[in-house]
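The values are calculated or read from the model by the stated rules, or taken from the named source; none is laboratory data. Treat the numbers as computed from the prediction; the structure is a model and nothing was measured. Virtual Cβ from ideal backbone geometry, glycine too; neighbours counted across all protein chains shown. Note: accessible area is taken over every heavy atom of the protein model, side chains too, but ligands, DNA and RNA are not part of it. Shrake-Rupley method; radii C 1.70, N 1.55, O 1.52, S 1.80 Å.
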Amino acid sequence: MSLILIGTALIALVSGCSGSGDASPTVTKTVTASPSEVASTPTATSTPTPTTPNSTPTPTCGPASGAAAAASGIAALPSPAGLEDTKWDAANADYSGYDACAALSWSVVAPQFGTAGSPYAILLFHQGRYLGTATAEQYAFQPAVERSSDASITVTYSYAKAGEPNAAPSGRTTATYIWNDGTERVDMTGEVPPAQG
């Protein structure tokens, strides 16, 4: 009977030693591995999320590039009056006013090899979709265009008063263009330069 008790005590002692020896690394591994697993899981899951919007346009936004959005509009613009053999200069157009998601945005283009008094066309966009030009007639001198709100812009036109050289036009008019959700058109208030004649 004492032999059985000694054998049982030895087994308990051996299993207790090996159990306590294995328990410490197991607990340490679990604690050490657990934070790195938790940290790596959100990183792996969230990595694709930021790249998805950049690669897929949303339904309410147009092309990311102003040049891409304006390309077909510029190509379809008729030549400026009196300059029938001139093309519009898409390569040097000002696309800084273009916003793919704005209710109203713009780009400005001049003819190739233009001068200070050359006409400029203001192209308008609704959420990146080309609407047409701000005016049917294109006016001389580069306009100053500013954003008033997401749906409106203000244009200050310059023009040469009678007897003034093209180098220093002092005439100014201001027009505001507003995207109208109800009519899905652009409304204009204000004035454009007077007819030159």
Kindly indicate which of GLN127, GLN142 is open to solvent by 60 Å² or more (accessible area, probe 1.4 Å) and touching a Cys at 6+ places or on another chain (Cβ under 8 Å).
GLN127
Spot the failing condition for PHE113; the list is (1) at pLDDT 95 or above; (2) among the aromatic types (Phe, Trp, Tyr); (3) in a loop (DSSP other than H, G, I, E, B), and only one is missed.
(1)
So, in segment 173-197, of the ones that are part of a loop (DSSP other than H, G, I, E, B) and among the charged types (D, E, K, R), which residue ends up surrounded by the most Cβ atoms within 10 Å (Cβ to Cβ)?
GLU191
Being farther than 28 Å from THR183 by Cβ and either in contact with a Pro (Cβ under 6 Å, 6 or more places away or on another chain) or β-branched (Val, Ile, Thr) (or both) is true for just one of THR115, THR133. Which residue is that?
THR115
With the requirement that a residue be open to solvent by 70 Å² or more (accessible area, probe 1.4 Å) and in a loop (DSSP other than H, G, I, E, B), what does segment 145-172 give you?
ASP150, LYS161, ALA162, GLY163, PRO165, ASN166, ALA167
